Every structure is written in C-alpha cells, then in structure tokens.
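Data block below; observations after.
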Amino acid sequence: MHTDQYKLCLRTLSEGDHEYSWLLEDKYFQSFEANGIEGGEVEVHLHLHRMGSIFNLTFSYNGVVDTTCDRCLDPMEIDIEAERELIVKFGSEYREESDEILVIPELDGVLDLEWLLYEDIVLSLPMQRLHDEGDCNEEMMEIIHGVQSEEVDGTAQDAGEDEEESMIDERWAALKELKRD
C-alpha cells in the first residue's frame, strides 16, 4: 500500500514555516510486512521550516500501538510519545549523511515520509515489550515458570544428557569417560 499521502514536494514549497498532520491507524501499520506492530493510532505533527535549500523538520508523535508482549505473547498496547528533528537538503542523489541529515535529489524534490514515520515509531518503542508485572497471561507464565524450574533443578538437562549418551558412537565412549574424570 504505497500512497502519495506522505509525500512532500519540497522543491515547490515556499520559504518559511509549514504545518502537516497525519493520523496513522491500523491500515497504515499493517501495510508493513515484518513490522511487529499490528495496529494502533498515532497522531503525527510535522513542523517544517524552509530556508533556501535547507529544510528543518520537527516531528511529534503521540498515540498508541498494538504489539505483542515478549514474555507471554499476548497482545498489548504501548504508548507512543516521541519527537525527532531532521534536516533535509538538496543534492545530486539520495543519501543519508547521518541520522539527522538527509539529502534528496534536487531534480525530484520530493520527500516520501511513509517509511520514515514508521521507522521513527518503531525506534521509539522499548527494546523489550513487556506487560506490567502481573498483567501477563497466567497460563503462559505457569508454563514459563515450569520450564525454568526444570532447568534450575537440572531435570531437563539430565534428560538431555541421557539421550545424548545413548546416541554416542561407542568408539568415542572411552574418550567421553576420560572427559568426566
């Protein structure tokens, strides 16, 4: 779902300040294949200031996204509140000089924000997406604690070693015995 809705024609933009707003909803987030974000509702405000061939962009993000808890795999919402500044300038070809400076071809003069907006939202998410303590799916937490208990007790490890020993080629068994001593 590529759309012109998020494209800005910078070449024809007059000098001075310009304001833009978008509401990113489920359809927007679902258009990205490997996203980790299933939906949401995020308001984006852009303040753009043009001075010659330099464009100062200030993005503000405010809303909520739907994702999955890394611990219990149940759906969860994460609040989004972020800001980003970006400087865009004209050049001969598209290139990212840094995280804050972007060069776009002057002949084209169009800045497509569709991926940039999504990327900013993803980068504003915490590294670990977890429910608050006690809000995770209880069944899943019981399973996780059961597996962790087996690992601590060594029962899962012992079972794996017995299985491994039965599969060892008998020619290597003598070496395995030396290793244990």
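No value in this document is a laboratory result; all are computed from the given coordinates. Keep in mind the model is a prediction, meaning the values are calculated, not measured.
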**Prompt:** Taking Rh as the Kirkwood radius computed over C-alpha pairs, what is the Stokes-Einstein D of segment 74-119 at 25 °C in a medium of viscosity 0.890 mPa s, expressed in µm² per second?
**Reply:** 195
**Pairwise centroid distance, computed over Cα atoms, of segment 70-117 with segment 1-55, Å** = 9
**Message:** Could you work out how much longer the chain between ASP66 and ALA174 gets when fully extended? Use 0.36 nm per residue separation minus the Cα distance between them, nm to one decimal.
**Reply:** 33.3 nm
**Prompt:** Quick one: in segment 21-152, what % of C-alpha pairs are over 27 Å apart?
**Reply:** 37
**Message:** Quick check: residue separation of MET141 and GLU85 times 0.36 nm, minus the Cα distance between them. What number comes out in nm?
**Reply:** 16.1 nm
